[in-house]
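Undergrad: I have a structure here, written as structure tokens, and I will follow up with some questions on it.
Since every read-out is calculated from the coordinates, none of them should be taken as a lab result. What you see is a predicted model, and the numbers here were worked out from it, not measured in a lab. Cβ placement follows ideal geometry from the backbone for every residue including glycine, while neighbour counts extend to all protein chains displayed.
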Amino acid sequence: MTATLRLSSDWLGLAILTLGGAIFLSVLRPDFLSSYNIFVLLDAIALSTMIALGQLAVIALGQTNLSLGSIGGLVGVAFAGAMQAGGVAPWLAVLLGLALGLACGLINGLLTARAGISAFVITLATLAAYKGVNLGLTQAQPLYDIPAVVKAVGTASISGPVPVLLIPAAIAVVFVWCLFDRIPLGRQILAVGANQHAARLAGISVSRAVIATHALSGLLAGAAGMMAVARLQVGQPTIGDDWLIPSFTAPVIGGAILSGGYVSVAGAVWGVALVVLITQALVLFQVDPYYVQFLLGLLILAAVGVNRFRSKRQTKAV
Amino acid sequence: MSPALDLSEITKSFPGVKALRGVSLRLDPGSIHALLGENGAGKSTLIKIITGAQSPEGGEICVSGKPVCFANPLQAIEAGIGVVHQERNLIPRFSVGENILLDRIASASLRPINYSAVHDEATHWLRLLELDIDPRRLVSELNVATAQMIEIARALSQQSRILLMDEPTASLTLSETQALFRMLRRLRDQGVAILFVSHKLEEILELCDAVTVLRDGGNACLSRPLAGMSRSDIVSLMIGRAEPIPDLGRNQRTDLPVTLSLASVATLGGHRDIDLDLRSGEIVGLYGLVGAGRSELARAIIGLDRITHGEIRIDGAPVSIGSPREALHRFGIGYVSEDRKQEGVILSHGVLANVGSTVWSRLRGWFGFLRDATVIRLVAPVLSALEVKASSLDQLVENLSGGNQQKVSLAKWLAAGTRVLIVDEPTVGIDVKTKAYFHQLLHKLAREGRAVLVISSDMPELITLSDRIAVMDHYRLVGKFENSGDYGEMSHAIMAYIHAAPPTASLKSQNSAANAAAT
Amino acid sequence: MRGFMLAISGNFRSTIGAAVRSRIGLPFVSLAALALLFFVSSAIAADANSTKVAIVAGGPHPYFASWPQAGKDAARDFHLGAADYKVPQSWSLSQQNDLIESLASQGYNAFLVFPGDPAGSRNVVGELVDQGMPVIALAGCLQDPSKAAFCFATDTEHSAYLGAKELIKAMGGKGRIAHFTGFLTDPGTALRINGVKQAVAETNGSVELVQTIADIDAPEPAQDKINAFLATQGKQVEGIIATAWIPATVAATALRKIGDKRIHMIGLNDDPIILEGIKDGYVTGTMLQNPYGQAYIGSYALGKLMSGCKVKTDAPWLKTPQTTHFVDSGTAYVGASDLANYQDKMQGVTKDILASFQQKYLDCP
Amino acid sequence: MLEGLPPAQGSDATETQYENAGRLGGKLGRFLLSSEFGLLLLVVLAFAGFWLSTRGFSSPFNQFGLSRSAAVNILISLSMMSVIVSGGLDLSIGAIGVCASILAGWLMEACRWPAPASVAVGLALGGLLGFANGQIIVRTGMHSFVVTLATMSVFFGGMIILTTAKPFDSLPDDFSLPAQQHLFGAVSPLLVYSVLIACMMAYLYRLTAIGRDMLAVGANARAALLSGISASRAVTLCHAMAGILAAVAGVMLSMRNGAAIPSMAGNLGQDWLLPAFLGPVLGGASLSGGRVSVLGAVLGAVLISVINNGLLLLHVGAFWLQFFLGMLLLGAVMIDKARMRVFASGDRR
């Protein structure tokens, strides 16, 4: 019982903030609760969640993956290209895409673990390398011939307002949550993130944890890249260019510690929901486009601040 | 019967230094074996080799008669060697149970952890240590002493035939230490071989059966029975000659001017009615168990916690101290933290940058201009007086021995010319010889006219050093008296004050009342 | 200066093949790459008498897709030394400036430049012209005063205005519309907003511009904002005009997703998504530009300038808010009925401009 | 003051352990081990390689362009470095740089202020915005990553609101003059300014009290606090300094462009982040704070500029450039690592 209470304290404030905001919006704008809008919200949440999880895994380790968006873009165009130029069946292309994402992540992990250079520097370099391969292959031209099945997946809903793309996101959330909650590998990653020395003394293979984490991050980034293709209906080489900052925003709002050792999957998901909600609110209230960026910054600052203030008070009460 | 652990002629060298030049050790099942040696004698290297963190260059390790070779810590654990390390090796955001069984999680990979089984098993090991802790609690919620016990529970859980304990009692209270000893004796009776490393010779004499002493990377003695050995025998083995027994003498003049005085001080942290005078030229010892609020009082004095009631006076004038910066530069108060590595020194910086940190702002010239030469002129005499051993002034502090690190953390306050020195646990983790040196040093500093407050849980140290002793319990001063220098008499007096303290419950409510009043 | 650069011509091409196949341990891969790079050399034949045109894009963008071919065609048709398409790695003014400087170092001597920024590109263009290399601003203009010979581009404000007009016509002259456009930091965005506003203003209130959504040139934000708009306010509008490439495709996709043919939409360019939307009735029409013609005629004009022609001062220049030396590269509205032959339409426009170009704008010896 | 103290009976073992630190011995050995030396080697290598293998690299025209972009890169690197010192980072430097140059541009264009005064006010704004970052971080205790992530949007958004993204492009000629002059025919005066600023930074960290305070706080804030150093003041100053340096970089960029343009550092100023981190990190700064090298950051920035410039001159296919840039970066750090191993073998401490 105490455990659940403690767990919920990570994201309870965020949940209240997000749900409160949603209620506020739906009172002011009845359209907000329309089936299509909920679909749109969930659709946006699905992709952002995948991106956030890709970074969250690496944050758990106390590292960063700057090449996240670059992997997403590369996998996205490779996925589209395999189907367009190679005539590969969509399901096979998905597997190939996941494998490519995994491979990119593995390269990051291997270089970080074996060369003993900070992941920040390694992924900064691979960011350029993967993006270069992407541009070199596509010549910066989008790939248009996306099979109808893939396009359908990008727009279809399971039932009512629940988009199909929520399925991979949900699977990823459950998987990552399980991983960091109860799978030994995930706990090992957290242990390495919290105290590498102690983890090594307890017999945890630090390099294995590092490699596994980066591979997972690459896998999730690759999945996100393919989701983006399905959503956009085009194999855009620019996919992933803007992922870096949002990928950090949600986990950090959700309470993850950047130095490693602690992440909250639920917190990150609520963080994603909050950012999506803020974005939509700014559209809904027809905010002057010139003010959008400014307000978004203030609101993020406020959300993080409120969450922090609340958790501070809570620890004091204990 | 073959020994549980048999090391013969182990050698290991690091670039520039031969750490071990043929060390042997024989650990029999069913015995508690002390491993002693001064800092730098090669003890920690030997421990690293036994636990698989480093591999030896020469010599042989046998476990239960079979030669082994560890490539990593996991292999040592699997060979039945459980370890309690000196530094804390717990994962703060993990539960107690998970920490206890961490090595099992380390060897698994994908099958989900069954937490109820983990916690059940953890409960078993906690019971064995007479600890009543919910294994589901997070380690980050525990105090240092309990965390230490969790590490011991972890070593137990490995059901090792060989248990290596590196300074396990450093942060334990008297009663916790006793519980630990009871448990260790029980394990010994079950046939476990225990290797016990400690600087506290009294504990060694009380607990252990045999002793191996290291000196300068070699054996000063090999697995010698402790029966019949005295404290001074051990010390002379460690340092190669008889221990100098200092009698520093006591200064009990009451006519010295009062430098720092606390008058019915209460703090936001929960201290109440603290009255304490610190005279120029004397050492006041502040004794208390871990968690009694001693370090917290020191922090309140230098402005890190709010004073909610009463006043602090310097030379009789009431003052308000807002930050350590003010404490140092306006009032000349320095605080040597108990947490040397985290707060006392900057490990990744050089000696000069560490010692100079208190004087930069005083020495700077136009536009903040500051030359090394200026700093060195002030700092060098202090460093040489303290005999800090470093290859150069730029040598990184992390590469210094513990004793030298402590000298650096003290030197910066001497360089700053502080009049009031608060020294928190001055000799934790420092070997016997250097300890004696520090005692003489502190004594000397006081006699030069400084007011020194020594905070320590080490009773012999306090009785050696202090002119007067104050006892703190539960954030209150429960007794103040002159130190006669007689160990038996004084330790009795101290314990009497602690046990006469009001019961915990009523005090807690007072504390919360104080908090409420403060907010 | 120019002679100096042209005089240097290394040719190490033969060594490439051997070096490519070297496979060494991981840390050395990059070393190998470095070595390889040093031995790869210029593939451009040096010919001191010819014009070497660099066609410099602003960054990777589908709009420029036809420029490489246009350059090749122009080089062949007008006997230029080269007319090569060059593109910076990303949309960044600094990268484009670096690229242009580097191209000048490599011996290109005439430039068609899509200005990364109307004001920010002036200095680098000025430096080129000062060294005797003519520059034409292509597909976008420099802010006057600049040293570019002239600007050859689509009139964005006018195009947005015409698009809005078409939209209003399709809506029957009344209703409410929304406008989706690109990065706010792109000065063209303000012009497009103006163009749409002007068309709306001319209806005297029977058409209302409900909302302008900007800063959506990247796919994800475009998705999020456009979908959010359609979901919550879609019912309140009858028309949408998109004046940037990504918002146009995203909006077309979104309309197809909702299956809503009630909302009229005008897009931009001939992106396949837009064309298909027009075919299937989700998109009303699109405002076409003439990228091929821009690069083709631009290269032709540079060849003329290099062979001694001068820009006429009294030519029939158009005036835009940015420059007084503007030549319209042509714009056309493509609706459902024009789908089959819209490319012929554009080629016709190109031919027309080319036929009278020298006589209209240049003084040749 | 401690005369007469009985000498500690120290064993000499600990002392000898530290004396023969390096086989190469002395300062030369330490320099050969330093990442500065490795970088210098790489810069020379890349420079020589491009000089020999491409045409145009050696031309004065190209060298001038290279020196100009190196000048800006150096300042961006130094700006980030001054925050990395404190163990934090600043994602908003691009936004600050743009804001500062826009303010200077506005003063020159709309208010007809003379260039020097406008630039001074622009730099002051940079300092002020950095100061605001620092204060928010110190007062709320939030991580600098989160704070500057948000202020990046706030600063940039605020600037967009005020300017509606319009550039200031009729600036006085004397403003952009420094970006057009040639020293020795091939060097931009901007590079001289950058090197001068780098020297001032080196002076700050080596020879002033506040510079040492910053390093101490970055390495161990608690220890520094207890030593009477005001940690919050040091952190705030680090951020303010980063703001000023970013502003200088922004002003230089607008000198080069001849206009103050909102988009010159990309959306939200994000284009600067890559060079900003690369320079200091290649130069051996520790991202956890407390250790910096001004020379290293400068060399790192120069290396990136040289590689960027040289790659453009090689015909590797426009879109593969970025791939090779990534590979070269990987190569650079790997070579550096290998060099450390070679030189350190046998005399590691």
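Undergrad: Find the Rg to Rh ratio for the stretch B:396-464, where Rh is the Kirkwood radius over alpha-carbon pairs and Rg uses the same atoms.
TA: 0.95
Undergrad: Return the inverse of the average 1/r over all pairs of distinct C-alpha atoms in the stretch A:11-313, which is the Kirkwood hydrodynamic radius, in Å to one decimal.
TA: On the way: mean 1/r = 0.0507 Å⁻¹.
Answer for the stretch A:11-313: a Kirkwood hydrodynamic radius of 19.7 Å.
Undergrad: At 10 °C and 1.306 mPa s, what whole-number value in µm²/s does Stokes-Einstein give for the translational diffusion of the stretch B:342-417, with Rh from the Kirkwood sum over Cα pairs?
TA: On the way: Rh = 12.2 Å.
Result for D is 130 µm²/s.
Undergrad: State the cysteines of the protein assembly as shown left without a partner when partners are defined as other cysteines whose beta carbon lies under 4.7 Å away.
TA: That list is A:Cys104, A:Cys178, B:Cys62, B:Cys69, B:Cys208, B:Cys221, D:Cys99, D:Cys111, D:Cys199, D:Cys238.
Undergrad: Counting Lys and Arg as +1 and Asp and Glu as -1, each charge on the Cβ, what is the dipole of chain A about the Cα centre in debye, to the nearest 20?
TA: Charge dipole, chain A, about its Cα centre: 960 debye, nearest 20.
Undergrad: If the only charges are +1 at each Lys and Arg Cβ and -1 at each Asp and Glu Cβ, what is the size of the charge dipole of the stretch B:5-239 around the Cα centre, to the nearest 20 debye?
TA: Approximately 300 debye in magnitude.
Undergrad: Sorted from largest to smallest, which semi-axis lengths in Å does the alpha carbon gyration tensor of chain B give for its equivalent ellipsoid, taking the root of 5 times each eigenvalue?
TA: Details: eigenvalues 320, 163, 110 Å².
They are 40, 29, 23 Å, listed from largest to smallest.
Undergrad: With chain D treated as a Gaussian network of Cα nodes joined by springs under 10 Å, which of D:His315, D:His143, D:His239 yields the largest mean-square fluctuation?
TA: Comparing D:His315, D:His143, D:His239 in a Gaussian network model of chain D, the most mobile one is D:His315.
Undergrad: Find the eigenvalues of the gyration tensor of the Cα atoms of the stretch C:46-194, then list the square roots of 5 times those eigenvalues as equivalent ellipsoid semi-axes, largest first, in whole angstrom.
TA: After scaling each eigenvalue by five and taking roots: 33, 17, 13 Å.
Undergrad: Here's another thing I want to ask about it. If we restrict to alpha carbons, what Rg and Dmax does the stretch D:137-259 come to, in Å?
TA: Cα only, the stretch D:137-259: 18.7, 54 Å (Rg, Dmax).
Undergrad: Next question, about the same structure. Quick one: which residues, 5+ away or cross-chain, put their amide H under 5 Å from the amide H of B:Gly281? H built at 1.01 Å from N.
TA: Counting only residues 5 or more places away or on other chains, the set is B:Gly449, B:Arg450, B:Ala451, B:Val452.
Undergrad: Looking at the stretch A:241-278, which chymotrypsin sites (Phe, Trp or Tyr not before Pro) are DSSP coil and have at most 15 other C-beta atoms within 10 Å of their C-beta?
TA: Answer in residue order: no site qualifies.
Undergrad: Among A:Gly76, A:Gly240, A:Gly160, which one moves the most in a GNM of chain A with springs linking Cα atoms closer than 10 Å?
TA: Looking only at A:Gly76, A:Gly240, A:Gly160, the biggest GNM fluctuation is shown by A:Gly160.
Undergrad: I would also like to ask the following. About the Cα centre of the protein assembly as shown, how large is the charge dipole given +1 on each Lys and Arg Cβ and -1 on each Asp and Glu Cβ? Please answer in debye to the nearest 20.
TA: 700 debye
Undergrad: Cut-off is 10 Å between beta-carbons; in what order do D:Arg256, B:Arg88 appear when sorted fewest neighbours first?
TA: Lowest count first: B:Arg88, D:Arg256.
Undergrad: Another question, then. Please give the per residue volume of the convex hull enclosing the alpha carbon atoms of chain C, rounded to a whole number of Å³.
TA: Spelled out: Cα convex hull of chain C, divided by residues, is 164 Å³.
Undergrad: Please express the Cα-Cα pair-distance distribution P(r) of chain D as a list of whole percents, one per 10 Å bin, running from 0 to the bin with the greatest distance.
TA: Computed distribution, short to long bins: 6, 22, 29, 24, 11, 4, 2, 0.
Undergrad: Aspartates and glutamates within cross-link reach of C:Lys319: Cα-Cα under 13 Å, excluding same-chain residues under 8 positions apart?
TA: Partners within reach: C:Asp144, C:Asp155, C:Glu157, C:Asp328.
Undergrad: Given Cα pairs under 8 Å that are at least 6 residues apart, what percent is the relative contact order of the stretch B:5-239? Could the numbers behind the result be given before it?
TA: Numbers: 447 pairs, mean separation 71.3, N = 235.
Relative contact order comes out at 30 percent.
Undergrad: Whole angstrom only: what separates the Cα centroid of the stretch B:1-79 from the Cα centroid of the stretch D:142-168?
TA: Using only Cα atoms, the two centres lie 59 Å from each other.
Undergrad: Which residue, chosen from D:Ala246, C:Ala110, A:Ala273, occupies the Cα position most advanced towards the positive end of the dipole of the protein assembly as shown, where the dipole is computed from +1 (Lys, Arg) and -1 (Asp, Glu) charges on Cβ about the Cα centre?
TA: After comparing all options, I get C:Ala110.
Undergrad: Another question, then. Can you put B:Cys221, D:Cys199, D:Cys99 in order, fewest other beta carbons within 10 Å first? Don't skip to the answer; put the middle values down first.
TA: Working: B:Cys221 17, D:Cys199 13, D:Cys99 30.
Final ranking by Cβ density, sparse to dense: D:Cys199, B:Cys221, D:Cys99.
Undergrad: Can you list the residues, at least 5 places off or on another chain, whose amide H is less than 5 Å from the amide H of B:Asn219, using H built in the peptide plane?
TA: B:Ser24
Undergrad: Starting from the Cα coordinates of the stretch B:449-495, work out the convex hull volume and express it per residue in Å³.
TA: Convex hull of Cα atoms, per residue: 83 Å³.
Undergrad: Sorting C:Met306, C:Met287 on the 10 Å Cβ count, fewest up front, what's the list? Numbers along the way, then the final one.
TA: Working: C:Met306 19, C:Met287 28.
The most exposed by this proxy come first: C:Met306, C:Met287.
Undergrad: Equivalent-ellipsoid semi-axes (√(5λ), Cα gyration tensor) for the protein assembly as shown, whole Å, largest first?
TA: 66, 35, 32
Undergrad: For the stretch C:215-283, compute the orientation-averaged projected area of the C-alpha convex hull (one quarter of its surface), in nm².
TA: Quarter of the Cα hull surface area: 4.0 nm².
Undergrad: Find which of B:Val471, C:Pro291, D:Ser170 sits farthest along the positive direction of the dipole of the protein assembly as shown, computed with +1 on the beta-carbon of Lys and Arg, -1 on that of Asp and Glu, about the Cα centre.
TA: The listed residue farthest towards the positive side: C:Pro291.
Undergrad: Running a GNM on chain C with Cα contacts under 10 Å, which residue among C:Leu162, C:Leu142, C:Leu318 ends up with the highest mean-square fluctuation?
TA: C:Leu318
Undergrad: Lys/Arg Cβ at +1, Asp/Glu Cβ at -1, dipole of the protein assembly as shown taken about the Cα centre: which of A:Val192, A:Gln286, A:Ala44 is farthest positive-ward?
TA: Farthest along the dipole direction, towards plus: A:Val192.
Undergrad: Taking a cut-off of 16 Å between Cα atoms, list the aspartates and glutamates near C:Lys52, but don't count ones fewer than 8 places away on the same chain.
TA: Counting by Cα, and skipping residues close in sequence, C:Lys52 has these aspartates and glutamates nearby: C:Asp73, C:Asp77, C:Asp84, C:Glu101.
Undergrad: Tell me which lysines have Cα within less than 27 Å of A:Lys151's Cα, excluding those fewer than 8 residues away on the same chain?
TA: Once the sequence-local lysines are set aside, what remains near A:Lys151 is A:Lys131, C:Lys225, C:Lys235, C:Lys257, C:Lys261, C:Lys279.
Undergrad: Next question. For the stretch B:314-359, how big is the tail of P(r) above 14 Å, as a whole percent of Cα pairs?
TA: Numbers: 620 of 1035 pairs.
Of the Cα pairs, 60 percent sit more than 14 Å apart.
Undergrad: With the contact rule set at Cα under 8 Å and sequence spacing of 6 or more, what percent relative contact order holds for chain C? Each step should come with its number before you reach the end.
TA: Numbers: 673 pairs, mean separation 55.3, N = 365.
Computed value for chain C: 15 percent relative contact order.
Undergrad: Amide H neighbours of D:Leu89 under 5 Å, counting only residues 5+ apart in sequence or on other chains, H built in-plane at 1.01 Å?
TA: Close amide H contacts, sequence-distant or interchain: D:Ser144, D:Phe145.
Undergrad: May I ask you to evaluate 6.51 cos²θ - 1.76 cosθ + 1.60, the Karplus curve with θ = phi - 60°, for each residue of the stretch B:45-52 and list the ³J(HN,Hα) values in order in whole Hz, giving x for glycine and proline?
TA: Result, ordered by residue: 5, 4, 4, 4, 5, 5, 8, x Hz.
Undergrad: Same structure again: Hey, if you drop one equal point scatterer on each alpha-carbon of the stretch A:116-188 and run the Debye formula without solvent, what base-10 log of I(q)/I(0) do you get at q = 0.12, 0.22, 0.26 Å⁻¹?
TA: -0.70, -0.94, -0.99
Undergrad: Same structure, new question: Sort all Cα-Cα distances of the stretch C:156-288 into consecutive 10 angstrom bins from zero, then give the percent of pairs in each bin up to the one containing the longest distance.
TA: Calculated over all Cα pairs of the stretch C:156-288, the distribution is 14, 51, 33, 2 percent.
Undergrad: Angle between the Cα long axis of helix D:93-109 and the longest principal axis of chain D, 0 to 90 degrees, nearest 10?
TA: 40 degrees
Undergrad: Here is a follow-up. Hull surface divided by four, with the convex hull built on the Cα atoms of the stretch D:286-339: how many nm²?
TA: On the way: hull surface 18.4 nm².
For the stretch D:286-339, the mean projected area of the Cα convex hull comes to 4.6 nm².
Undergrad: Of all DSSP beta bridges located in the protein assembly as shown, what percent are antiparallel, nearest 5?
TA: The answer is about 45 percent antiparallel.
Undergrad: Ok, one more. When each pair of different Cα atoms in the stretch B:5-239 is counted once in the 1/r mean, what is the Kirkwood radius in angstroms, to one decimal?
TA: It is 18.3 Å.
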